[in-house]
Amino acid sequence: MTTTETRPHDPIDISSQAFWAQPPDVREESFAELRRERPLSWHRPAETDLLPDPEAPGFWALVTHADIVAVSKDAEAFASGQQYGGVMLEDVPEDMLEAAHSILAMDAPRHRTQRRVIASVFTPKRTKQIEDQIANQARLIVDDLLGSSGEVDFVTAVSARLPMWTISEMIGIPEERRQEVADAANAMVAWNDPEFIGDGDPMGVLLNGLMTLHTASFELSEARREQPADDLMTALVQAEVDRESLTDEEIAAFFVLLCVAGNDTTRQTASHAVLALDRHPSQKALLVDDFENRIDAAVEEFVRWATPVLTFRRTATRDTEIRGQHIAEGEKVVMFYMSGNRDADAFDAPEEFDITRDRNPHVGFGGGGPHFCLGSHLARTQLRSLFGELLSRAPDLSVGEPEWLAGNFINGIKRLPVTVGKDGS
């Protein structure tokens with residue numbers, strides 16, 4: 001493997017935990033300068049308590065929409081697999097990548113094979129069943145919201161509740177295990193936040209969450225082999241494509257991915273979107289005025305504006321170039337999705353929240369290529385159903401100030417106070 005040459009790190013700090021503890025609009029000031037002045041830049045390694053490596057040279061930052069899309073689509077030159085360190089900005093133990101990241105941390109041909117098997121269980125019949133479940137869940141969640149009095153936390157009461165309920169019902173998680181699974185999934189993305197960690201350590205939090213999710217998956221897959229049911233876990237244990245099926249360990253890894261990624265995409269997008277609609281009342285009025293004709297474009301703008309996943313990394317499999325700059329084999333390149341979604345070369349007035357945007361090639365579900373988000377349809381369905389209920393039944397919801405999650409992976413809102421009007425609005 002080619003040795004990384006010594007070069008100075010960029011003066012803008014996007015590697016420290018302090019940088020990622022700032023609100024998104026403050027971080028955007030740094031990314032705007034990078035897009036404008038140094039669209040490809042070399043940075044010191046990410047500050048981490050997981051596997052700190054004093055010998056690590058650093059990483060290339062991809063901050064433009066075009067570069068993110070190009071690298072996303074070139075899976076031969078830029079790998080995601082475990083042997084290359086996976087997709088996290090920080091280094092993660094290889095056995096944890098295998099257990100937690102499933103197809104995210106795989107390259108062809110294994111990635112292609114497993115993705116085909118997993119995708120095969122989402123038949124038209126099952127997809128329709130899931131859509132009906134989501135519509136019912138969104139209605140019941142807003143029922144409960146309207147029945148509340150005083151200030152409530154929107155994250156707990158609404159945006160975190162819907163995706164985990166959907167996943168639990170879809171995959172067949174018993175009701176008595178659902179909170180335990182939800183807490184473990186939260187731990188898998190909040191390990192960088194001091195409030196969440198408390199007196200513990202990040203690696204311990206990750207491992208405990210991972211163990212809880214794997215145990216739940218093993219128990220459920222064993223139960224479904226003995227007694228099949230009409231749920232996704234039964235479909236997964238029975239799935240076979242071209243004589244390829246999934247092991248219990250592979251099912252457990254996908255279970256983790258589903259509980260984490262499937263939870264946070266909708267959770268964070270819904271939280272950011274209800275905040276954005278409150279802060280941009282003219283946009284909210286447009287959507288309320290013609291919901292059916294505007295909601296599809298609005299959902300795409302919700303995802304662009306929120307960009308629930310902030311970063312994914314790739315590793316160069318060979319010597320190559322980006323923007324004429326030599327990228328050595330083994331060097332990390334990190335895609336900063338929020339920056340790509342604020343790139344004026346890809347979006348008209350990207351700093352504006354605009355639900356009528358008709359050109360919206362956002363990278364909120366990834367930049368394309370083989371790792372494009374498998375659950376994008378599910379997330380869109382949840383957002384359409386949820387905001388259909390919210391805007392028709394609680395159009396005057398009062399939204400307070402958010403509390404941000406610290407971390408470079410999930411663009412998280414920990415808490416968001418809302419108040420339902422006395423008239424139920």
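Summary of values
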{"quantity": "Selection count, segment 401-415, where residues are of a type outside the set (D, E, K, R), over 11 Å from the mean Cα position of the chain (by Cα) and within 16 Å of A270 (Cβ to Cβ)", "calculated": "4"}
{"quantity": "Which numbered condition R357 fails, given (1) within 30 Å of Q82 (Cβ to Cβ); (2) buried (at least 16 other Cβ atoms within 10 Å of the Cβ); (3) touching a helix residue (DSSP H, G or I) at 6+ places or on another chain (Cβ under 6 Å)", "calculated": "(1)"}
{"quantity": "Test: residue in segment 61-76 that is surrounded by fewer than 19 Cβ atoms within 10 Å (Cβ to Cβ), in contact with a helix residue (DSSP H, G or I) (Cβ under 7 Å, 6 or more places away or on another chain), under 30 Å from A276 (Cβ atoms) and not aromatic (F, W, Y)", "calculated": "no"}
{"quantity": "Any hit, segment 263-270, residues being surrounded by fewer than 16 Cβ atoms within 10 Å (Cβ to Cβ), at pLDDT 95 or above and in a helix (DSSP H, G or I)", "calculated": "no"}
{"quantity": "Residues that are within 18 Å of T123 (Cβ to Cβ) and in a helix (DSSP H, G or I), drawn from segment 232-253", "calculated": "L232, M233, T234, A235, L236, V237, Q238, I251"}
{"quantity": "A56 in contact with a His (Cβ under 6 Å, 6 or more places away or on another chain) and not aromatic (F, W, Y)", "calculated": "no"}
{"quantity": "Residues being within 15 Å of E28 (Cα to Cα) and not in a loop (DSSP other than H, G, I, E, B) - total across segment 327-352", "calculated": "6"}
{"quantity": "Test: residue in segment 75-85 that is more than 19 Å from V260 (Cα to Cα) and of a type in the set (F, W, Y)", "calculated": "yes"}
{"quantity": "Selection from segment 72-89 of residues that are touching a residue at least 60 places away in the same chain (Cβ under 8 Å) and in a loop (DSSP other than H, G, I, E, B)", "calculated": "D74, A75, E76, A77, S80, G85, G86, V87, M88, L89"}
{"quantity": "Qualifying residue in segment 18-26 (condition: in a loop (DSSP other than H, G, I, E, B) and surrounded by fewer than 16 Cβ atoms within 10 Å (Cβ to Cβ))", "calculated": "yes"}
{"quantity": "Pairs with Cβ under 7 Å, 6+ apart, first in segment 219-230 and more than 20 Å from V256 (Cα to Cα), second in a loop (DSSP other than H, G, I, E, B)", "calculated": "A229/G172"}
{"quantity": "For V155: the one exception among (1) touching a helix residue (DSSP H, G or I) at 6+ places or on another chain (Cβ under 8 Å); (2) at pLDDT below 95", "calculated": "(2)"}
{"quantity": "Residues of segment 363-400 that turn out to be within 30 Å of D13 (Cα to Cα) and either without any contact (Cβ under 8 Å) to a residue 24 or more places away in the chain or under 14 Å from the mean Cα position of the chain (by Cα) (or both), as a count", "calculated": "8"}
{"quantity": "Filter result for V158 (in a helix (DSSP H, G or I), touching a Leu at 6+ places or on another chain (Cβ under 8 Å) and within 30 Å of L89 (Cβ to Cβ))", "calculated": "yes"}
{"quantity": "Pick from segment 374-414, criterion under 20 Å from R342 (Cα atoms) and of a type outside the set (G, A, S), ranking: surrounded by the most Cβ atoms within 10 Å (Cβ to Cβ)", "calculated": "N411"}
{"quantity": "Residues located in segment 207-233, provided they are closer than 17 Å to T166 by Cα and of a type in the set (S, T, N, Q)", "calculated": "S217"}
{"quantity": "Output for segment 180-201, where each listed residue is more than 19 Å from the chain's Cα centre (by Cα), surrounded by 14 or more Cβ atoms within 10 Å (Cβ to Cβ) and not charged (D, E, K, R)", "calculated": "I197"}
{"quantity": "Single match in L277, L286, L236 (criterion: modelled with pLDDT of 95 or more, farther than 22 Å from R161 by Cα and aliphatic (A, V, I, L, M))", "calculated": "L286"}
{"quantity": "Failed item, numbered, when I130 is tested on (1) surrounded by fewer than 17 Cβ atoms within 10 Å (Cβ to Cβ); (2) out of contact with any strand residue (DSSP E or B) (no Cβ under 8 Å at 6 or more places or on another chain)", "calculated": "(1)"}
{"quantity": "Every residue from segment 141-155 that is surrounded by 12 or more Cβ atoms within 10 Å (Cβ to Cβ) and in a loop (DSSP other than H, G, I, E, B)", "calculated": "S148"}
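Residue by residue, here is whether (1) buried (at least 22 other Cβ atoms within 10 Å of the Cβ); (2) within 17 Å of the chain's Cα centre (by Cα); (3) not in a helix (DSSP H, G or I) holds:
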residue	(1), (2), (3)
M203	no, no, no
T215	no, no, no
D230	no, no, yes
L258	yes, yes, no
A273	yes, yes, no
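The values are calculated or read from the model by the stated rules, or taken from the named source; none is laboratory data. None of these values were measured; they are calculated from a predicted model. Here Cβ is always computed from backbone atoms with ideal geometry, including for glycine, and neighbour counts include all displayed protein chains.
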